[in-house]
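*Asks:* Input: one structure, supplied below.
The values are calculated or read from the model by the stated rules, or taken from the named source; none is laboratory data. A quick note: this is a predicted structure, and the numbers were derived from the prediction, not measured. Glycine gets a Cβ as well: all are built from the backbone with ideal geometry, and neighbour counts include every protein chain shown. Remember, those area values only see protein heavy atoms, side chains included, never the ligands or the DNA or RNA. Shrake-Rupley method; radii C 1.70, N 1.55, O 1.52, S 1.80 Å.
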Amino acid sequence: MDFYSFASCVNEDFRLNLDNGHPIAFRLLEVKALDAHRPLKSSIQVRQQPFSLLFSGPSQPVFGQQVFPLEHDRVGRADIFLVPVGEADSGIEYEAVFT
């Protein structure tokens, strides 16, 4: 998955399928490119554009930071490490950062 794969899905839902058969929707609110030009402290080279994703999930349940197997009709399944970052009118916001 890269920046462009997710950028085409802004304002669309990704599904978390729970064992009880009831999927939970995580709406992709924002895809933001991060600064790739910061100096690196080693010889590691950046292979792709670093970026972040901001999702809105339901108010309940509130999930802790963990890897979620999210599914999208076009993107398919993506295992994404989400961190809760705040609360909004629409629910709990979660962020993922790809470097």
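*Asks:* Give me the one-decimal nm value for the distance between modelled label points at Ser59 and Phe81, 7 Å along each residue's Cα-to-Cβ direction.
*Replies:* With each label point 7 Å from Cα toward Cβ, the separation is 3.1 nm.
*Asks:* How large a share of the accessible area of the chain, in percent, is made up of carbon and sulfur atoms when the probe is 1.4 Å and the other protein chains stay in place?
*Replies:* Whole-percent figure for carbon plus sulfur exposure: 49.
*Asks:* With runs of 4+ DSSP H residues as the only contributors, calculate the mean residue ellipticity of the chain at 222 nm using -39,500 (n - 2.57) per run, divided by the residue total and rounded to the nearest 500.
*Replies:* Mean residue ellipticity, 222 nm, calculated: -1000 deg cm²/dmol.
*Asks:* So what's Rg/Rh here for the chain, counting alpha carbon atoms and using the Kirkwood radius for Rh?
*Replies:* Ratio of gyration radius to Kirkwood radius: 1.00.
*Asks:* Using only the heavy atoms of the protein chains and a 1.4 Å probe, how would Tyr4, Tyr94 rank by accessible area, largest first?
*Replies:* Numbers: Tyr4 170, Tyr94 0 Å².
Listed by decreasing accessible area, they come as Tyr4, Tyr94.
*Asks:* Tell me the label-point distance for the pair Glu71, Glu30, using the 7 Å Cα-to-Cβ offset, in nm and rounded to one decimal.
*Replies:* About 2.9 nm, to one decimal.
*Asks:* Let me ask something else. At a Förster radius of 22 Å, what calculated FRET efficiency corresponds to the Cβ-Cβ distance of Asn20 and Asp89, to the nearest 0.05?
*Replies:* 0.25
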